[in-house]
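Below: the structure, in structure tokens.
The values are calculated or read from the model by the stated rules, or taken from the named source; none is laboratory data. Keep in mind the model is a prediction, meaning the values are calculated, not measured. Every residue, glycine as well, gets a Cβ built from its backbone with ideal geometry; the counts of neighbours run over all protein chains shown.
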Amino acid sequence: MVNINIIDRLVTAFNPEAGMRRAAARKVTHIINGYEQGGASQQKKSMRGWLTSAQNPKDDIDRNLDTLRSRSRDLYMNGPIGASALKTTRTNVIGPGLRLKARINAELLGLTTEQADAWCGQVEEEFNLWAESKHSDAIRMNDFYDQQGIAFLGMLMNGDSFTVFKHAKRTSWMPYGLRIHLIEADRICTPQGDGVLGDSVEGTAENGNRIYSGVEIDDDGALVAYHIANTYATDYTSGKIRKWVRVEAYGKNTGRPNILHLMDTERAEQRRGVPLLAPVIETLKQITRYTEAELMAAVISAMFTVFIKTTGPTTDNTMGPMIPLDQQVAPDDPNNYEMGPGAINVLGQDEEIQIADPKRPNSNFDPFVRSLCLYVGAALEIPYELLLKNFQSSYSASRAALLEAWKMFRMRRQWTAKEFCQPIYEEWLAEAVALGRIRAPGFFGDPKIRKAWCKAEWNGPAPGQLDPVKEVEAAERRIALGLSTREREAIETNGSDFWTNIQQQKVEIEAMRAAGIQSDRPDTPQTDPGKEVKQENE
């Protein structure tokens, strides 16, 4: 093996300049390696102006949340594409609300299938007594199913949303005292003390724990409590003095949550969520500005306005004002000329109007916006066909877009059911068992038994169908091959309940037979329509 250091010394001794060049080349070769030749390069011109700094979640997220939330809300309220992204996700994930389907572990609880079905039916009916009432809401505005959509949309728009458990006095019309109170993300913040504004992110609790954006943690970084303000930071008209209430995250005696925090966690040790639109805020704002500019250009181009140039001493329009005074923007400004359909304006002496031809409508507008929506949809996991509600591709391409979107919708639905619906159901079931309205032996004695009683599924709206015939045939094949069940297919096809369907079909078939009408059996193939008609006539 040749010693490279010896060669370098020999080259330097006989040719110092060549030795220096060799040393410099070896130094560059040593420094530039791996990612330094690409994404981490400091030498390439395309990378020199890219200044970044890896920071912790608090500095990357929490200190920018006020700006991100306000801009996200503005895009939801005033940006068509932003509103579509949030509403499309909410509608497909939650829809009219995720419905309870109790699925207890009958084997562990020692129940027969019939007993388990009877218990589940009783629980679902009892739960809807509470869930379908606006008395389930602490402010009595929405029922439980509406609150699902509000909480989920708030999480998408603001980055996270919160739900506090409360208890009210039981009444004759509402035997349950459980109430849920939805709280917007802005009100969970770090107390400032005496209303003096300081660092709105970090703070110290009275017990010495650290507070980050309203989330209190202990020395181990574990969640301890949330701090809730009674007003918004920008609420200057309520007349209330801003105060904070500390709510412990979990009950000391039960371990059950006192507050639910809906947040799509992206990084380890992240305390607050990021709005869904955060990665595409700039793009969506530019699309909105571009759309407004194109719309205004088209409107101005469509206004046929005549300008009369006069050399006389007067600039009055002998035909009178073409635009009513109450519709003019600045009627008292002599330097202002109003434009409108068929309007006539008289110019002053030595005045001349020159209007650039905007050539609207712009034929490139639609392709350009669609191209941008491709990028926006990719970032939000929403295909642009679904984002724009426009399916002009082939059946296969449109179906592939829907299937890809439903990967995200199903994931968010399962997450919402786990983080929002299930904890609320378990809290309600605990009260129902304690009151004796639901019988569940061993519920409060063994956590394993309690979990067996609390098992449930949450079903929501089914995916859209581009070709119902093909979808039903595919469902039939899945059932025949044992890949699915009739109950699951009923839920995923139109969101119905299989057992309710067959009970209703039984009633309808008996009613048709009593009326002398032969019922159609969808499971009987109609191979010979003529023969079927002949049999009916006989």
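Below is a table of values for the structure above.
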read-out: Positions within region 488-508 being charged (D, E, K, R) and either exposed (fewer than 14 other Cβ atoms within 10 Å of the Cβ) or not in a helix (DSSP H, G or I) (or both), in sequence order; value: Asp497, Lys506, Glu508
read-out: Identity of the residue in region 445-474, touching a Phe, Trp or Tyr at 6+ places or on another chain (Cβ under 8 Å) and assigned to a loop (DSSP other than H, G, I, E, B), that ends up nearest to Glu431 (Cα to Cα); value: Pro463
read-out: Criterion: farther than 22 Å from Pro447 by Cα and touching a His at 6+ places or on another chain (Cβ under 7 Å) - qualifying residue of Ala85, Ala138; value: Ala138
read-out: Region 73-95: number of residues that are surrounded by fewer than 18 Cβ atoms within 10 Å (Cβ to Cβ) and among the aliphatic types (A, V, I, L, M); value: 2
read-out: Selection from region 210-244 of residues that are among the aliphatic types (A, V, I, L, M), part of a loop (DSSP other than H, G, I, E, B) and within 20 Å of Ile61 (Cα to Cα); value: Ala222, Ala233
read-out: Given (1) surrounded by 16 or more Cβ atoms within 10 Å (Cβ to Cβ); (2) in a helix (DSSP H, G or I), number of the condition Arg272 does not satisfy; value: (2)
read-out: Residues of region 427-454 that turn out to be under 20 Å from Arg99 (Cα atoms) and surrounded by 17 or more Cβ atoms within 10 Å (Cβ to Cβ), as a count; value: 10
read-out: Search result, residues across region 112-128 that are surrounded by fewer than 18 Cβ atoms within 10 Å (Cβ to Cβ) and of a type in the set (A, V, I, L, M, F, W, C); value: Ala116, Ala118
read-out: Test: residue in region 393-409 that is of a type in the set (Asp, Glu) and in contact with a strand residue (DSSP E or B) (Cβ under 9 Å, 6 or more places away or on another chain); value: no
read-out: Output for region 96-111, where each listed residue is under 18 Å from Ile438 (Cβ atoms) and exposed (fewer than 13 other Cβ atoms within 10 Å of the Cβ); value: Arg103, Gly110
read-out: Given (1) free of Cβ contacts under 8 Å to residues at least 12 places away in the same chain; (2) among the aliphatic types (A, V, I, L, M); (3) over 30 Å from Arg488 (Cα atoms), number of the condition Ala379 does not satisfy; value: (1)
read-out: Among (1) among the small types (Gly, Ala, Ser); (2) surrounded by 19 or more Cβ atoms within 10 Å (Cβ to Cβ); (3) in contact (Cβ under 8 Å) with a residue 40 or more places away in the chain - the single one Gly203 does not satisfy; value: (3)
read-out: Number of the exception - Gln148 against (1) at pLDDT 95 or above; (2) in contact with a strand residue (DSSP E or B) (Cβ under 7 Å, 6 or more places away or on another chain); value: (2)
read-out: Conditions (1) touching a Lys or Arg at 6+ places or on another chain (Cβ under 7 Å); (2) within 30 Å of Ser172 (Cβ to Cβ); (3) small (Gly, Ala, Ser); number of the one not met by Gly460; value: (2)
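For (1) surrounded by 10 or more Cβ atoms within 10 Å (Cβ to Cβ); (2) in a helix (DSSP H, G or I); (3) touching a Gly at 6+ places or on another chain (Cβ under 7 Å); (4) modelled with pLDDT of 60 or more, each residue gets a yes or a no:
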position: Asn5; (1), (2), (3), (4): no, yes, no, no
position: Gly19; (1), (2), (3), (4): yes, yes, no, yes
position: Ser53; (1), (2), (3), (4): no, no, no, yes
position: Arg71; (1), (2), (3), (4): yes, yes, no, yes
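Matching residues to (1) closer than 22 Å to Gly121 by Cβ; (2) of a type outside the set (A, V, I, L, M, F, W, C); (3) under 31 Å from the mean Cα position of the chain (by Cα):
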{"position": "Asn459", "(1), (2), (3)": "yes, yes, yes"}
{"position": "Lys470", "(1), (2), (3)": "no, yes, yes"}
{"position": "Glu476", "(1), (2), (3)": "no, yes, no"}
{"position": "Leu481", "(1), (2), (3)": "no, no, no"}
{"position": "Gly495", "(1), (2), (3)": "yes, yes, yes"}
{"position": "Trp499", "(1), (2), (3)": "yes, no, no"}
